[in-house]
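S.K.: What follows is a structure written as structure tokens; I'll ask about it next.
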Amino acid sequence: MTQQLKLKVNGRDVAVDAHGERPLLDVLREDLGLTGAKYGCGEGQCGACTVLLDGAAVRSCVTTVADAVGMSIETIEGLGEGDALHPLQQAFVDHGAAQCGYCVPGQIMSAVALLRENARPSRAEIIAAMNGNLCRCCNYPSILAAIEHAASPK
Amino acid sequence: MSRHTLTLTTPYVLEAERYELRADGLYRFDPDRRAFVQVLGASLVIAASAATASAQPNGGRRRRGDEQSRTESLDQRFHIGADGVVTVFTSKVEVGQGSRTQLTQAAAEELRLPADRIRLVMADTALCPDDGGTAGSRTTPANVPQIRRAAAAAREILLALAAQRLQVDPSQLDCREGLFADRSSGKQLTLAELAQNDALKSLLQDAASGEASLADADQWKVLGTSVPQVNARDLVTGAARFPSDVSRPGMLYGKVLRAPTYNATLQSLEIPADPALSGVTIVRDNSFVGVAAGNSWLAAAAIDALAAAAKWDNPPHPSSDELFTHLKKTASHDGDAWPRPRVDAWGDGAQALDSVPPERRLAADYTVAYIQHAPLEPRAAVAQWNDGQLTVWTGSQQPSRVHSELSAAFQLPADRVRVIVPDTGGSFGGKHTGEVAVEAARLAKAAGKPVSLRWSREEEFTWAYCRPAGLIEVRAALDDAGRIAAWDFTNYNSGESGIRLPYDAPHGRTQFLAADSPLRQGSYRALASTANNFARESAIDELAAMAAADPLAFRLAHLADGRLKDVLTAVAEKFTWTERYARRAADRGVGLACGTEKGSFVAACVEVEVQPGGAPRVTTVCQAFECGAIQNPANLRRQVEGAIIMGLGGALTEQMVFKDGRLATASFSKYAVPRMADVPQLDIVLLNRPDLPSVGAGETPIIAVAPAIANALANATGRRIRSMPLIPGGS
């Protein structure tokens, strides 16, 4: 049954009329026009749909919109301030960490969650945290380099 | 601007294994309009068209070459803006390989502009000249020169115009960074000022790409440098709109009813009285059944309701277990059927084998499983009809082919169809066809609204065409000096690319035979080169072992001087092959392989670690690659790294497993692709040859990985694995 759901997305309160069982990913993309998070597999295996719920990286394709009510939802569109890129976004640009770029929003959101939790992760910790994010262009070396750079002392 | 007649000057010969480009369309829509379309309030029985429910070929579509080179007027190629920004139009697409940046560099180089003064409009059939599809590593050797020639001709026109305005001879002018300056007086004009000159447009209109001189590689200012990806900012902010992100006002979301098994045909479908179908547009047109609804979730629920009511005929279908027997059994020796057998023989051909004693003969059969491209963005399209005019945004490497498919499917004149390919989320040779565009257009036509259709991962795994499986029989022999005496190599089904033997052998034969493929198959990054290199380079190692020779020395002894030998020597040096091969240990092995494809050259050395009871692990891949003059070193490195890592998947784990017409590996949880933790140490050697023309680099770097790993595993364990994937179960 469609109901009005109150969501907090990128710091803003929004109301959507949606069935609570719909994937959060669909509601973000189809109802709110936030297409940064991508569909890749629908089973939480590829990470393309990664967004943050109360700061934790979740797979929005296997999270119902009802489960996101009352939580702070962060998407790639909410990262950065005005024209300034978030340091991870800038690191991805600087290291050429995109080939087709389809996985990149999910990669960045997973990395944001990691670095908020652990500002100076080891290489092994980065790989463990990022292993759920597929890049079919297999641009992993550049993605790893970008995250290591963003996590290095400035 | 409109599409215009193509002049074919360099017909591109399609490799046999581009099966998908010869295949007919998936749907034949009913021209008699007996097709059923309904927005349901109540249940209804459908009987119409049931007799023609099976998939029918889509007749009459014209065939086209992959690549066209034509006489164009420069105003169709360029728009020079009053802001001094040059817009370049091309039908090429960006799917992650870097064509947008590379073609930007090509135009910038010859227009003497910084890359940020170039903007590319790619793959819009209403706006762009048809430069062919984006495939076969052709952008670098064919389209970069094409854009450069056009840009150089435009530069000469701009120079002449500036000279006229400044009342000096053109040879007096310097042209750089968008400034046209008289060397003696210092007087100058900007590109923006010239753009406002009324004469410019007609000058460009009247001019074709001429003979203006192109900068030599050692003079390059923009080409040859690591220009960063031009749209990187949009990719990291989520602002980039991929095909599946396109949104139109009033847009609905579509879904198509798929058969439960391969080859199944729909026998009957009685629309059930299911609330999931309320308010949903349902389309049945011959074999096509689909829905359009307010969102994806509703569309999926409607399809579930229809699937529960559908009755199918499920004919038998060969399983992956019996695949290679099936391929051999159905191999076609028919010279009239397509694809034709391709046989190349030299010396006494296969007969030479019989004269060699059995202990110096090798008979080895290699197999390569079907694998999927699995681009992270599945096939997607948004279709919109306006007054009989169809516009489709879709992810495809072949906008022109998709245009033809749509035109044929809906019997529309070419000028009523427009195809736009936004930069797309991966492809790897897998998006040459327009089925999702046709499906979205059929739904949108019925719904009277734009429809977005995106295949699910399961659909992408199951119904997209895949890389051909192959059986490869190698028969070879050594002479009494330990040199190759005869070579006989037969590829069943997977294709002819890379089949040629680069090593010296006095007698031999290579042949490719087509077979009946249980799955829909077609192009994949490097085509059959991976399969043929896997078999050949494995067999060469087996022969080297028979000759008790170092695999490197054995290869070098059979190679003439040249580019292949150069990469092999370079990689061996970087990897310190001779030392590491001599220092073998029980838990470690090293292997190497080399090959050439599409004019570029690759060699790889690999180290594997084998622990008792554990899965073998690839610890290092060292690869040397040479593709002529390097146009963008950073992008080239990423292409090489990406190809190596992607190649690990096909080498080690990826395979499509199917039985009784059902695919058992239709998800990322059941089909293991490389992840970050799988990445070995990568040591890349890029050999730059500014003296040679640049060729493509997106494909060839994948072909040496699998055989090098197979050889390393054999080196470590003494056991030869002759099938790809090498360790499907992980151990």
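S.K.: In vacuum, with every alpha carbon of the stretch B:74-237 counted as one equal point scatterer, what does the Debye formula give for log10 I(q)/I(0) at q = 0.15 Å⁻¹? Two decimals, please.
M.R.: The Debye formula, applied to the Cα set alone, gives -0.79.
S.K.: Sticking with this one: D for the stretch A:87-150, whole µm²/s, Stokes-Einstein with Kirkwood Rh over alpha-carbon pairs at 10 °C and 1.306 mPa s: what number?
M.R.: Translational diffusion coefficient: 140 µm²/s.
S.K.: Taking the C-alpha atoms of chain B, how large are the radius of gyration and the largest Cα-Cα span, Dmax, in Å?
M.R.: 27.6, 86
S.K.: Relative contact order, percent, of the stretch B:100-230 when contacts are C-alpha pairs under 8 Å separated by at least 6 residues?
M.R.: In percent, rounded to a whole number, it is 35.
S.K.: Which of B:R100, A:R59 comes first, and how do the rest follow, when ranked by fewest Cβ neighbours within 10 Å?
M.R.: If I rank by nearby Cβ atoms, fewest first, I get B:R100, A:R59.
S.K.: Can you list the residues, at least 5 places off or on another chain, whose amide H is less than 5 Å from the amide H of B:H507, using H built in the peptide plane?
M.R.: HN-HN under 5 Å from B:H507: B:W487.
S.K.: Report the Cα centroid-to-centroid distance between the stretch B:694-712 and the stretch A:60-124 in angstrom, as an integer.
M.R.: Using only Cα atoms, the two centres lie 33 Å from each other.
S.K.: Given +1 on the Cβ of Lys and Arg, -1 on the Cβ of Asp and Glu, and no further charges, what dipole in debye does chain B carry about its Cα centre, rounded to the nearest 20?
M.R.: 1060 debye
S.K.: Report, as an integer, the average count of C-beta atoms from other chains found within 10 Å of each Cβ along B:225-235.
M.R.: Mean shielding count: 4.
S.K.: Per-residue HN-Hα couplings for the stretch B:542-550, Karplus 6.51 cos²θ - 1.76 cosθ + 1.60 at θ = phi - 60°, whole Hz, x for Gly and Pro?
M.R.: 5, 5, 4, 5, 4, 8, 6, 10, 5
S.K.: Please express the Cα-Cα pair-distance distribution P(r) of the stretch B:166-245 as a list of whole percents, one per 10 Å bin, running from 0 to the bin with the greatest distance.
M.R.: Reading upward from the zero bin: 13, 25, 32, 23, 7, 1.
S.K.: Related question: Past the 20 angstrom mark, what percentage of all C-alpha to C-alpha distances in the stretch B:582-646 do you count?
M.R.: 40 percent
S.K.: So what is the relative contact order for chain B, in percent, with contacts set as C-alpha pairs under 8 Å and at least six apart?
M.R.: In percent, rounded to a whole number, it is 15.
S.K.: When you have a sec, figure out the Kirkwood radius of the stretch B:145-190 from all distinct Cα pair distances and drop it here in Å to one decimal?
M.R.: About 10.7 Å, per the Kirkwood formula over Cα pairs.
S.K.: At a 10 Å Cβ-Cβ cut-off, how would you order B:T104, B:T700, fewest neighbours first?
M.R.: Result, fewest neighbours first: B:T104, B:T700.
S.K.: Can you list the residues, at least 5 places off or on another chain, whose amide H is less than 5 Å from the amide H of A:V51, using H built in the peptide plane?
M.R.: Excluding prolines and chain starts, which carry no amide H, the hits are A:V58, A:S60.
S.K.: Also: Given charges of +1 on the Cβ of Lys and Arg and -1 on the Cβ of Asp and Glu, with all other atoms neutral, how large is the dipole of the stretch A:87-150 about its Cα centre, in debye to the nearest 20?
M.R.: 80 debye
S.K.: Something else: Mind checking which of B:T90, B:L161, B:V230 is farthest towards the positive end of the protein assembly as shown's charge dipole, using Cβ charges of +1 (Lys, Arg) and -1 (Asp, Glu) about the Cα centre?
M.R.: In the protein assembly as shown, that residue is B:T90.
S.K.: Kindly flag which residue pairs out of B:K255/B:K598; B:K445/B:K659; B:K328/B:K574; B:K92/B:K201; A:K38/B:K92 have an alpha-carbon separation exceeding 31 Å in this structure.
M.R.: Flagged as over cut-off: B:K255/B:K598; B:K445/B:K659; B:K328/B:K574.
S.K.: Please state the charge dipole magnitude for the protein assembly as shown, taken about the Cα centre, from unit charges on C-beta atoms (+1 on K and R, -1 on D and E), reported in debye and rounded to the nearest 20.
M.R.: 540 debye
S.K.: Determine ³J(HN,Hα), in whole Hz, for all residues of the stretch B:254-263 in sequence, where each value follows from phi through the Karplus function 6.51 cos²θ - 1.76 cosθ + 1.60 and θ = phi - 60°; x replaces Gly and Pro.
M.R.: Working through the residues one at a time gives x, 7, 10, 6, 9, 5, x, 9, 4, 6 Hz.
S.K.: Quick one: Karplus J couplings for the stretch B:590-603, per residue in order, coefficients 6.51, -1.76, 1.60, θ = phi - 60°, nearest Hz, x for Gly and Pro?
M.R.: Calculated HN-Hα couplings, in order: 10, x, 9, 7, 8, x, 9, 7, 6, x, 10, 10, 9, 9 Hz.
S.K.: Can you pull the Kirkwood radius for the stretch B:487-586, inverse mean 1/r over Cα pairs, to one decimal in Å?
M.R.: Averaging 1/r across every pair of different Cα atoms and inverting gives 15.5 Å.
S.K.: Here's another thing I want to ask about it. Please give the direction-averaged projected area of the C-alpha convex hull for the protein assembly as shown, in square nanometres with one decimal.
M.R.: Projected area, direction-averaged: 38.9 nm².
S.K.: Rg/Rh for the stretch A:2-77: what does it come to with C-alpha atoms and Rh from Kirkwood?
M.R.: Rounded to two decimals, Rg over Rh is 0.91.
S.K.: Kindly provide the helix-only [θ] at 222 nm of chain A, computed as the sum of -39,500 (n - 2.57) over DSSP H runs of four or more divided by all residues, to the nearest 500 deg cm²/dmol?
M.R.: It comes out at -8000 deg cm²/dmol, rounded to the nearest 500.
S.K.: Continuing with this model, one more query. Taking the dipole about the Cα centre of the protein assembly as shown, with the C-beta of Lys and Arg at +1 and of Asp and Glu at -1, give me whichever of A:P23, B:C128, A:L144 is farthest to the positive side.
M.R.: A:P23
S.K.: Under 19 Å between alpha carbons, and skipping anything fewer than 8 positions from B:K670 in its own chain: which aspartates and glutamates qualify?
M.R.: Within reach: A:E43, B:D321, B:E377, B:E458, B:E459, B:E460, B:E654, B:D660, B:D678.
S.K.: Report D for the stretch B:262-369 in µm² per second (integer): Stokes-Einstein, Kirkwood Rh on Cα pairs, 37 °C, 0.692 mPa s.
M.R.: 167 µm²/s
S.K.: Calculate log10 I(q)/I(0) of chain A for q = 0.19 Å⁻¹, where I(q) comes from the Debye formula with a single equal point scatterer on each Cα and nothing for solvent.
M.R.: -1.13
S.K.: In addition: In µm²/s, what is D for the stretch B:639-731 at 4 °C and 1.567 mPa s, where D = kT/(6 pi eta Rh) by Stokes-Einstein and Rh is the Kirkwood radius from Cα pairs?
M.R.: 85 µm²/s
S.K.: Further, regarding this structure: Could you work out how far the C-alpha centroid of the stretch B:617-683 sits from that of the stretch B:366-381, in angstrom?
M.R.: The two parts, judged by their Cα centres, are 12 Å apart.
Every number here is computed from the coordinates shown, using simple stated rules; none is lab data. This structure is a prediction, so every number in the text was calculated from the model and none was measured. So basically every Cβ, Gly included, is an ideal-geometry build from the backbone, and we count neighbours across all protein chains shown.
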